[in-house]
Amino acid sequence: MATRRSFLKASVQGSLAIGAVSILPTVLSSCSSSKKTSGSGSVFTTLPNQTPLPYAYNALEPIIDAQTMEIHYSKHAAAYSKNLKEAMAAESVADGTSLETILGKVSAYSAKMRNNGGGHYNHELFWKCMKPNGEQQVTGKLLTAIEASFNSFGNFKTKLTESAMTRFGSGWAWLYLDTDKKLQIASTPNQDNPLMDLSPVKGIPLLGIDVWEHAYYLKYQNKRADYIDNWFKVINWDFVQKRYETVA
Ligand SMILES: [Fe+2]
């Protein structure tokens, strides 16, 4: 079984970095949640600016309504990006430093950095984890790994739903790859995520669901369970699968 030290060493050598230094080329400066291929592996890089929403505000209807998407992206998520950039400037974080690098040592920064760095990262991932045009099935290596870890896709869905439902207040539920490169499910409060050095669950987020009320309240009100159940119909499994294959 890999130790945390060996995992981090492997990350620095070319897999995904948790707290490892990511040197970002200028070409990625306007791009977020990209991946940079380097030698034997790839490194995800998320930068402070919002990337364009990969679909129209109304594209996920009827699962997620256009007004919720517009407010979520252009108000809530935009504020995380803006506040993150303020925190980076105030705390002398070098331009081009990735969120992955910042979050890996976020305990060294302010609460503003933690809340908004996490908020920006989580939403940049969240938009890409969804897609319009009908329910997609998970296939390939990711399906094999899900079945190996959770016995069946149905059991995986049940566990992720439970994790999202039992997150008291605001937060996220994750499918993530832990430091032993095993698939795990957990939730985190507020805008925390498994990349953070201070998180009790550590790893690489592959898929995340936002269970802040701002993500669903206009359409679903207090019915978080209905939002979660419907959200499974808009998961972009192609994206999640590629993400998994990059880091597994
Ligand atoms: Fe959100």
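Read the figures in this text as sums done on the coordinates, not as results from a lab. Bear in mind the structure is a predicted one, so any value in this text is a computation, not a measurement. Here Cβ is always computed from backbone atoms with ideal geometry, including for glycine, and neighbour counts include all displayed protein chains.
The residues L103, L125, when put in order of fewest to most other Cβ atoms within 10 Å, stand as L125, L103.
When you restrict to C-alpha pairs under 8 Å that are six or more residues apart and normalise by the size of the range 140-247, the relative contact order lands at 24 percent. Three principal axis extents describe the C-alpha atoms of the range 140-247; from largest down they are 36, 31, 22 Å.
When a footprinting reagent is the concern and you count Cβ atoms within 10 Å, what order do K242, K75, K219 take, fewest first?
K75, K242, K219
Amide H to amide H distances under 5 Å link L206 with L175, Y176, L177, where only residues 5 or more positions off or on other chains count and H is placed in the peptide plane. Checking every one of the chymotrypsin sites (Phe, Trp or Tyr not before Pro) in the range 47-110 against DSSP loop status and a limit of 16 other Cβ atoms within 10 Å picks out Y55. Which whole-angstrom value gives the distance between the alpha carbon centres of the range 40-103 and the range 173-224? Going from one Cα centre to the other spans 16 Å.
Panel order for F168, F232, by other beta carbons found within 10 Å of each beta carbon, from fewest to most: F168, F232. Ranked from largest, the principal axis spans of the Cα set of the range 184-248 equal 36, 30, 15 Å.
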